[in-house]
Each structure stands twice: as structure tokens, then as C-alpha cells.
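So the structure is just underneath, and the comments pick up after that.
Quick note: the coordinates plus some simple rules give every number you see, no bench work behind them. What you are looking at is a predicted structure, and each value in this text was computed from that prediction instead of being measured. Glycine gets a Cβ as well: all are built from the backbone with ideal geometry, and neighbour counts include every protein chain shown.
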Amino acid sequence: MTTVGIIGAGHIGSTLARGLAERGYEVVISNSRGPETLADVVADLGENARAGTVTDAAASGDIVIVTVPLKAYREVPLEPLAGKIVLDTNNYYWERDGRIAELDDKLTTTAGMLQEHLPSSKVVKAFNHILSTEILTDGAAAGSPDRRALATSSDHADAVAFVTALYDEFGYDTVNVGPLSESWRVERDQPAYVVRQTRDELVENLARATR
């Protein structure tokens, strides 16, 4: 059984924890306040989930999801994530995160910042441009008409392959944006951000993105 560590137990983290547990993954979920604050969450998720510290989640996960406010990305531990695929759901909200000059000046991307922080990990963008309330409700079987598509981006082919398979499990087609340097195309305020779109529509919206 694949174990997925989740760093961050907010709307996206807890929703993905539920979806993963329902699909047979072992889940270790964490937050900055400590595992004792997640007792009700894991009780609701069932036997496939347990709470841990951030270090527990990072060390236990075969795959790890980082879903924290962007301003906290430097608090993600490095050593236990070395060599692992790390899914990055983060988005830049300057109102919450404070101004980040490198992003304001279009010099990097949110996922690129996490990859720089985790040089030995394989960072891949995932689940960042869908509302948390839609993750478990908007999927459809492969081949369904108008099946929704989600984008991913990474510098590592095996990370893209993992997210592509995971998206399919959750009921979504995948469009690979390419390397992390191109992941800005699915960030906040771009045409592909938090709108329902098919694969063809997503491709068109990615092409329409401007910096």
C-alpha cells in the first residue's frame, strides 16, 4: 500500500486526505499545530488515515503533498523529502503571504520556489487550480464526455506520470504544462485558474496565459 504524507490540513489537504483514504492509500496528515489537533479529522477519515507531525508525514510518505500557505514553504523539512515525489498545491496570495518580489517580478513560479527549497526532491504541481469543494465531486470516468481536466508541471517525468495516474483515479484528464518554469500558466489570475474546463479547453487556456 502506498503511503501519502500530507503537510497541511486545510481545505485542500483534508479533502485530498479523504479522497486518498477512500482509494486505498495510507495517509499520514499533519499541520503546524500538532497531531493532537487532528484527532477528529483522522477519526472521520477512517482506518487508512492517521495524524502525525510534519516530520512524520514527510518521513512516512512514499509520496508527499505540500499544501501550506506559500509564506510557510521554507518550513517544509528537506532531509525526509530527499528523493521523493512532492506534490505542490500552493498558490500565491499576496494578501495572505505578503509580497514576494521574485513572483511579483515574474522571475520564478510558486512551484519553482518549492523545488529550489527542496533540491533533492521531485516537485510537481498538482490540484492547485481547482476549488477544494470540487475535488471529490467533479470527477468522471475516463472517456466521459466533457470530462474535466487538470494541469500538472514538473522537471521530472516520473512525477508527472504519478500525478497523471492520480488525477485519473480522482476522475480527471491531465494536461502536462511542461517544466516548472512554465507552471505560471496555471497560477492565480490566469485563464486556466479555478475554472471547469475539458482537456481541449485547458490547452487553449494555457496558451492564452500571459505574464
FRET efficiency, residue 32 to residue 94 (Cβ-Cβ, R0 25 Å, nearest 0.05): 0.75
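Assuming R0 = 30 Å, can you tell me the calculated FRET efficiency for the pair residue 104 and residue 47, based on Cβ-Cβ distance, to the nearest 0.05?
On the way: r = 45 Å, r/R0 = 1.50.
The computed FRET efficiency comes out at 0.10.
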Sorted peptide list for 143-150, 95-102, 51-58, 21-28, criterion being average Cβ within 10 angstrom, highest first: 51-58, 21-28, 143-150, 95-102
Distant-in-sequence amide H partners of residue 49 (H built 1.01 Å from N, under 5 Å): 27
Label-to-label distance, nm, for residues given as residue 168 and residue 198 (7 Å Cα→Cβ offset): 2.0 nm
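Tell me what the chain gives for mean residue ellipticity at 222 nm when only DSSP H runs of n ≥ 4 count, each as -39,500 (n - 2.57), the sum divided by the residue total, rounded to 500 deg cm²/dmol. Please list the in-between numbers first.
Values: 8 runs with 66 residues, N = 211.
That calculation yields -8500 deg cm²/dmol at 222 nm.
Pull up the DSSP beta bridges for the chain and report the antiparallel fraction as a percent, rounded to 5.
Values: 3 of 27 bridges.
Beta bridges within the chain, antiparallel portion: roughly 10 percent.
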Residues in region 7-47 reached by a label modelled at residue 144 [backbone nitrogen below 18 Å; 7 Å Cα→Cβ]: 16, 19-20, 22-23
Exposure proxy order (Cβ contacts within 10 Å, fewest to most) of 162, 127, 170: 170, 162, 127
Net length gained if the chain between residue 136 and residue 72 were fully extended (0.36 nm per residue, minus Cα distance): 20.4 nm
q = 0.18 Å⁻¹: log10 I(q)/I(0) that the Debye formula gives for the chain, counting C-alpha atoms only: -1.33
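Subtract the Cα-Cα distance of residue 208 and residue 2 from 0.36 nm times their separation in residues, and report this length gain in nm to one decimal.
Numbers: separation 206, 0.36 × 206 = 74.16 nm, distance 3.70 nm.
Taking residue 208 through residue 2 to full extension adds about 70.5 nm, to one decimal.
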For 135, 6, order by how many other beta-carbon atoms lie within 10 Å, fewest first: 135, 6
